[in-house]
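Asker: Starting off with a structure, shown below.
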Amino acid sequence: MKKKWFGYLFQISAFLLIAYLLITTAGIYQYSEVDDKRQADVAIVLGAGASDGGVSPVFAERINHAVFLYESGYVDKILI
């Protein structure tokens, strides 16, 4: 009898976990479609690790995005 309850409990737990993951995935996907750009005075670019004496790829993309925002007129200045 105990094994039967543990089996049901496992199935319910697995179902709830899968449902949670699917709902979370759907929420992340839905939010990724939101364009939240707006006018700002300054874009602050936070640092990332350096590699081989230069900027890391992550930091380079942050800088590129800040430049995009500046050139598109969303920010007036960039602070690195």
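The values are calculated or read from the model by the stated rules, or taken from the named source; none is laboratory data. Keep in mind it's a predicted model, so treat the numbers as computed, not measured. Note that each Cβ is placed from the backbone with ideal geometry, even for glycine, and that neighbours are counted across all protein chains shown. For accessibility, only protein heavy atoms count, side chains too; no ligands or nucleic acids. Shrake-Rupley method; radii C 1.70, N 1.55, O 1.52, S 1.80 Å.
Asker: Heavy-atom accessible area of residue 45 with all protein chains present, probe 1.4 Å, nearest 10 Å²?
Answerer: Solvent-accessible area, nearest 10 Å²: 10 Å².
Asker: Take the Cα gyration tensor of region 24-63, multiply each eigenvalue by 5, square-root it, and list the three semi-axes largest first, rounded to whole angstrom.
Answerer: 28, 17, 7
Asker: Please arrange 76, 52 by accessible surface area, largest first, computed with a 1.4 Å probe and ligands excluded.
Answerer: 52, 76
Asker: Would you work out what percent of the accessible area of the chain, with all protein chains in place, is carbon or sulfur (probe 1.4 Å)?
Answerer: Accessible surface attributable to carbon and sulfur in the chain totals 66 percent.
Asker: Using Cα positions and a limit of under 12 Å, work out the aspartates and glutamates in reach of residue 3, with same-chain residues fewer than 8 apart set aside.
Answerer: Cross-link targets: none qualify.
Asker: With a cut-off of at most 14 other beta carbons within 10 Å, and DSSP calling the residue loop, which trypsin sites (Lys or Arg not before Pro) in region 1-59 qualify? Please list them.
Answerer: Qualifying residues, ordered by number: 37, 38.
Asker: A follow-up question, please. Can you give the log10 of the normalised intensity I(q)/I(0) at q = 0.19, 0.20, 0.22, 0.24 Å⁻¹, computed with Debye over equal Cα scatterers of the chain?
Answerer: -0.90, -0.94, -0.99, -1.04
Asker: Run the numbers for residue 31 and residue 79: contour at 0.36 nm per residue of separation, minus the present Cα-Cα distance, in nm.
Answerer: Separation in residues times 0.36 nm, less the Cα-Cα distance, equals 14.6 nm.
Asker: Let me ask another. Keeping all protein chains in place, calculate the accessible area per residue for the chain (probe 1.4 angstrom), answer in Å².
Answerer: Per residue, the chain has an accessible area of 89 Å².
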